Amino acid sequence: MSRIATVGLLLAAAVPAAPQTKPLARGPHRIELTLERMEGTAWRAVDPGLVLEAGDRVRFRFRGNFDGYLYVMNQGTSGAYTLLFPREETGRQNNVRAGKECLVPASEAWFRVAGPPGYDIVYWLVSPVVLGAGQPSAYVPLPPPPKTPPPPQNLLPRCDDAIFRARGVCVDSSAGPKNVTGKDALPENLAGLKGATARELIIMRRESSAVLSSPAPLTGPVIYEFRLAHK
């Protein structure tokens with residue numbers, strides 16, 4: 001297996017869903033995400049809020065019931081902003097199809113958890129069309145470097161005592177999938193994305209996956225985030 005080291009990672013994966021075929025503009029829509037961690041020589045789905053250790057190897061699993069294009073970016077705890085997918089090392093084919101599972105990275109690779117303890121923010125962007133193609137304001141996956149580096153965060157993950165006693169693992173209930181609202185400060189390239197929808201998605205957490213759904217049709221690019229907690 002090859003590997004990709006970054007300053008922080010996030011997860012996403014999915015459990016089986018009934019295949020459906022429809023474009024993004026027809027609803028309702030549903031996304032299933034799963035975080036997987038390498039344990040020994042096998043991948044295992046873990047709780048979305050699991051507090052990871054430095055050096056852990058992770059990957060994401062994504063499945064939706066609609067067609068579109070997927071873009072994944074990561075804001076690490078050091079302040080560094082990285083395009084996770086699509087790119088040469090993680091896979092260039094970001095066209096997602098209804099009912100078809102998508103791994104990030106798409107190849108036999110993984111992300112290694114690194115950087116100061118805290119919460120990486122992984123931004124997930126799903127669009128009905130390829131971004132940057134024939135648009136007045138071409139979409140650029142990475143924003144220009146900031147004039148001054150953002151200060152590193154000082155929030156540290158904490159174990160939820162009730163979950164810890166029940167499962168014997170460290171789980172932070174504030175980690176995992178989150179809605180992006182109009183009040184959230186987004187990276188420059190996401191904040192200026194034409195037609196982006198600040199959709200209030202319904203989020204249901206399971207033991208080893210998360211389900212995001214929208215009862216209304218998604219008519220433009222949709223952004224949501226996944227907070228990855230690590231020591």
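Derivation of every value follows stated rules applied to the coordinates shown; laboratory data play no part. These numbers were taken from a predicted model, which means no experiment stands behind them.
Summary of values
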| read-out | value |
| --- | --- |
| Relative contact order of segment 42-146, defined on C-alpha pairs under 8 angstrom at six or more residues apart (%) | 34 |
| Orientation-averaged projected area, Cα convex hull of segment 62-145 (nm²) | 6.3 |
| Segment 72-126 - percent relative contact order, Cα under 8 Å, separation 6 or more | 46 |
| Whole-Å semi-axes of segment 32-108's equivalent ellipsoid (Cα gyration tensor) | 21, 17, 12 |
